[in-house]
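*Asks:* Got a structure here, written out as structure tokens. Questions coming.
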Amino acid sequence: MVKVAPSVLSANFAELKKDLDSIRECGADWIHYDVMDGHFVPNISFGYSILNDIAKVSDLYLDVHLMIEKPMQYVDAFIKSHASLITAHIEAFHHEQEVKTFIQYVHDQGVHVGLSVKPDTPISSIQQYLDDLDLVLVMSVEPGFGGQTFQEQALSKIQELCQLKQNRHYLIEVDGGINATTGQLCREAGVDVLVAGSYVFNAENRKEAIDSLK
């Protein structure tokens, strides 16, 4: 069954623990935590201190998505704040050795590691690293803002990653514009994890929203 990872970017931070308890009770599998620095993407979200707070009040798997220019500069802080998985964008690295160093370093700290691709970035850009990844995050919108419309080229990327998987162990995750309709398309393409923000947190019935993605 597909895992559902509601994005706390869409939560009510005045009632954060209540919202986290709610999604857990309604069947969420992971918490998706979007980090934006105002440089790599034109928006700012939150850093590692709030992640640390979340880890104190929720036992859900913490799926950290770094949309930042210098992943290695901040990765220790997110590891210390109890990230379960740290995903960085391939576009944030300048050369191959940087990517390999990031992957190895995160694994050495006992944390899962992933790479993400923007809508216009081909899967070929990360293919050489697939043996060492726990997750590949396919962006189905331009990263930086919630509430965008799903871009269907993500489906062919999911299918390509399924074909490349063979004996590799990575999960395929998709993020952006996910609802019952687009979620079904992604499931049919072979996705393992669906990230959904406003679709879950703004739903009148969050359990129904989460169930519709599974």
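*Asks:* Across the range 153-185, which residue is farthest from the chain's Cα centre (by Cα) among those that are farther than 15 Å from SER124 by Cα and of a type in the set (Ser, Thr, Tyr)?
*Replies:* THR181
*Asks:* Sticking with this structure for a sec: Name the residues in the range 24-51 that are more than 17 Å from the chain's Cα centre (by Cα) and farther than 28 Å from LYS214 by Cα, would you?
*Replies:* GLY38, HIS39, PRO42, SER49, listed by residue number.
*Asks:* Residues GLY110, GLY144: which one is without any contact (Cβ under 8 Å) to a residue 12 or more places away in the chain, not hydrophobic (A, V, I, L, M, F, W, C) and not in a strand (DSSP E or B)? Don't jump to the end; show me each part of the working.
*Replies:* On the way: GLY144 fails: without any contact (Cβ under 8 Å) to a residue 12 or more places away in the chain.
Exactly one residue qualifies, and that residue is GLY110.
*Asks:* Then there's this: Does the range 186-199 hold any residues that are surrounded by 22 or more Cβ atoms within 10 Å (Cβ to Cβ) and more than 15 Å from the chain's Cα centre (by Cα), and which are they?
*Replies:* Selection gives TYR199 alone.
*Asks:* Out of the residues in the range 22-81 meeting the condition of being β-branched (Val, Ile, Thr) and either touching a His at 6+ places or on another chain (Cβ under 6 Å) or part of a loop (DSSP other than H, G, I, E, B) (or both), tell me which one is farthest from PRO143 (Cα to Cα).
*Replies:* ILE68
*Asks:* Give the range 151-175 a look and list any residue that's part of a loop (DSSP other than H, G, I, E, B) and either at positive phi or buried (at least 20 other Cβ atoms within 10 Å of the Cβ) (or both), or say none.
*Replies:* GLN166, TYR170
*Asks:* Follow-up question, since we're still on this one. Say we look at the range 82-115 and pick out the residues that are among the β-branched types (Val, Ile, Thr) and over 20 Å from TYR61 (Cβ atoms); which of these is surrounded by the most Cβ atoms within 10 Å (Cβ to Cβ)?
*Replies:* VAL99
*Asks:* Looking at (1) assigned to a strand (DSSP E or B); (2) of a type in the set (Val, Ile, Thr); (3) out of contact with any Phe, Trp or Tyr (no Cβ under 6 Å at 6 or more places or on another chain); (4) more than 20 Å from LYS207 (Cα to Cα), which is the one condition that is false for VAL4?
*Replies:* Among (1) assigned to a strand (DSSP E or B); (2) of a type in the set (Val, Ile, Thr); (3) out of contact with any Phe, Trp or Tyr (no Cβ under 6 Å at 6 or more places or on another chain); (4) more than 20 Å from LYS207 (Cα to Cα), VAL4 violates only (4).
Rule-based calculations on the coordinates, nothing more; no lab input. No experiment lies behind these values; they were computed from the predicted model shown. Every residue, glycine as well, gets a Cβ built from its backbone with ideal geometry; the counts of neighbours run over all protein chains shown.
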